[in-house]
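Remarks on the structure that follows.
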Amino acid sequence: MANIKKGDMVVVIAGKNKGEKGRVLEVLKDRDRVIVEGIGRVTKHVKPGQTARGTRTGGIETVEAPIHISNVQFYDAEAKRGKRLGARLEEVERDGRTRVARVRVARGHGEAERDV
């Protein structure tokens, strides 16, 4: 199970875009891939045609291609570097009832765990 979620800030750790940061736009769980804003951009030739809102002009568009989830790592803004994510079970009170919830935590070498 992947710990990366939509809206997380990630850093690319492998491939031609190594070191770049971006926000996750979509997680494709069935293919173990993520689409990251501004990373893995490819050109796509689009035919002119009709859409629901009117006509679409053709030409060459650039779109974000999915990259494998193992090539990205959660980016911790406080530490200014990539971090591994883990999980911790905590008791949380909701609607007057105590429940056990899974909370994501950022792990670091020699540092205390911190909720994400």
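The values are calculated or read from the model by the stated rules, or taken from the named source; none is laboratory data. Every value quoted in this text rests on a predicted model; they were computed, and no experiment measured them. Heads up, the Cβs are rebuilt from the backbone with ideal geometry, glycines too, and the neighbour counts pull from every protein chain shown. These area figures cover heavy atoms from the full protein model, side chains too; ligands, DNA and RNA do not enter into them. Shrake-Rupley method; radii C 1.70, N 1.55, O 1.52, S 1.80 Å.
Brief remarks follow.
- Wholly within the range 1-96, strands (runs of 3 or more DSSP E) carrying at least 2 residues that are acidic (Asp, Glu): 59-64, 81-94
- In the condition set (1) over 9 Å from the mean Cα position of the chain (by Cα); (2) surrounded by fewer than 11 Cβ atoms within 10 Å (Cβ to Cβ), GLY7 is compliant with all but (1).
- Across the range 29-39, the qualifying residues are those that are over 10 Å from the mean Cα position of the chain (by Cα) and open to solvent by less than 50 Å² (accessible area, probe 1.4 Å), and the one among them that is nearest to ILE67 (Cα to Cα) is ILE39.
- Entry remark, the range 40-82: residues being touching a residue at least 24 places away in the same chain (Cβ under 8 Å) and either polar (S, T, N, Q) or open to solvent by less than 70 Å² (accessible area, probe 1.4 Å) (or both) number 16 in total.
- If you go through the range 97-109 and pick out every residue that is part of a strand (DSSP E or B), farther than 18 Å from ASP8 by Cα and not aliphatic (A, V, I, L, M), you end up with 3.
- GLY22 satisfies every condition listed in (1) modelled with pLDDT under 90; (2) open to solvent by less than 80 Å² (accessible area, probe 1.4 Å) except (1).
- Within the range 36-76, if we keep just the residues that are at pLDDT below 85 and small (Gly, Ala, Ser), the residue that is nearest to LYS18 (Cα to Cα) turns out to be GLY58.
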